[in-house]
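Since every read-out is calculated from the coordinates, none of them should be taken as a lab result. The model shown is predicted, which means the values in this text are computed figures rather than measured ones. In this analysis, Cβ positions are derived from the backbone assuming ideal geometry, glycine residues included, and neighbour counts consider all displayed protein chains.
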Amino acid sequence: MAITRPLTNGSIPVTRTQLARDESHVLMSLLASALDEWPLARTSDLIALLHAIKSLSDGPSKDLTFGTEQREWRELYFFASIWLNDVCWEQPGDVVEGFTRHPENKACDIAAYIKRHDIWAQLTADGFFKTDVAYYNIIRALEQKVEFNDTVHLYERVFPEMQIPAAAHWIRATGKRLYEDAVEGVERDSLVTSRGVNMSLTYDNMCKDRWDFWQSRFNEFVNGEQEADQRTKQEAKAAVEHMQDVVKTWKAEHGGDAEDKC
């Protein structure tokens, strides 16, 4: 793949090992920025490019030298850290703090947050991140008790107009995998976050009861039990429909209901 080939085969100066000049860091930065800034319609193309790089079998490259260690292009070295630390670093509280200072940016800031989670969820579904991030973001959106908002710090509050649409994207992208975890009663460290006093559930494994609770929370926004704007209602409705389809498909493939392992 030409995009990963050096422009010259000459000697490599010591400075080439520095982060700012490393080809991998530059390329991964460009890809992360493109995912963030290009229209969502181009996301699948960029993910395909990441897959193409990940499929390279060149072996360790002298052009990816870190100290004395040579890395491989297919490792996508730096991509995950750039995406998490430079693109998706904002928590909902960060976004709210920003548009509180600049109210004119509110709609744009919320849209950017939701878009990033849409892309992040797609990347996770394609194997570029572990599903722990899906659990974390869905749980923070659906299992936190809104009534605790007035008693906790800004950064610990739940903001449905951002987090419900974002959680809906996570469900649509990774729902099949999460339901399979529910059927198996999978335990994950990322589920321990649900133990806090401001959280609705107390167990730390994935199960059908948790899946059903998530669906009921989305339904609260669909049915008007929770105040929500039109976008939130639409995203919640799409999430519920996807969850129902996932369960229906699983039952058809396995011949009936699964045992609840909560």
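Values for this structure:
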read-out: Taking CYS108, CYS207 and counting other C-beta atoms within 10 Å, the order from fewest to most; value: CYS108, CYS207
read-out: Given charges at Cβ of Lys, Arg, Asp, Glu: segment 90-254 dipole, positive-most of GLN163, PHE99, ALA239; value: ALA239
read-out: Segment 90-254: radius of gyration and largest Cα-Cα distance (Dmax), Å; value: 15.4, 53
read-out: Positive-end residue of ALA141, GLN215, THR131, charge dipole of segment 120-230 with Cβ unit charges; value: THR131
read-out: Charge dipole magnitude, Cβ of K and R +1, D and E -1 - segment 90-254, Cα centre, debye nearest 20; value: 260
read-out: Relative contact order of segment 113-228, defined on C-alpha pairs under 8 angstrom at six or more residues apart (%); value: 28
read-out: Pairs of lysine residues in segment 90-254 - Cα separation under 22 Å, sequence separation of 8 or more or cross-chain; value: 21
read-out: Residue order, fewest to most surrounding Cβ atoms within 10 angstrom, among PHE213, PHE218, PHE129; value: PHE213, PHE129, PHE218
read-out: Overall form of segment 73-153 per C-alpha gyration tensor (a/c, 1.5; a/b vs b/c); value: oblate
read-out: Environment charge of THR124, counting only residues whose C-beta is closer than 14 Å and scoring Lys/Arg +1, Asp/Glu -1; value: +2
read-out: Under 10 Å, Cβ to Cβ, from GLU90 - net charge with Lys/Arg +1 and Asp/Glu -1; value: -2
read-out: Footprinting exposure proxy for TRP89, TRP120, TRP38 (fewest neighbouring C-beta atoms within 10 Å first); value: TRP89, TRP38, TRP120
read-out: For peptides 137-143, 41-47, 74-80, sequence by mean Cβ density within 10 Å, most packed first; value: 137-143, 74-80, 41-47
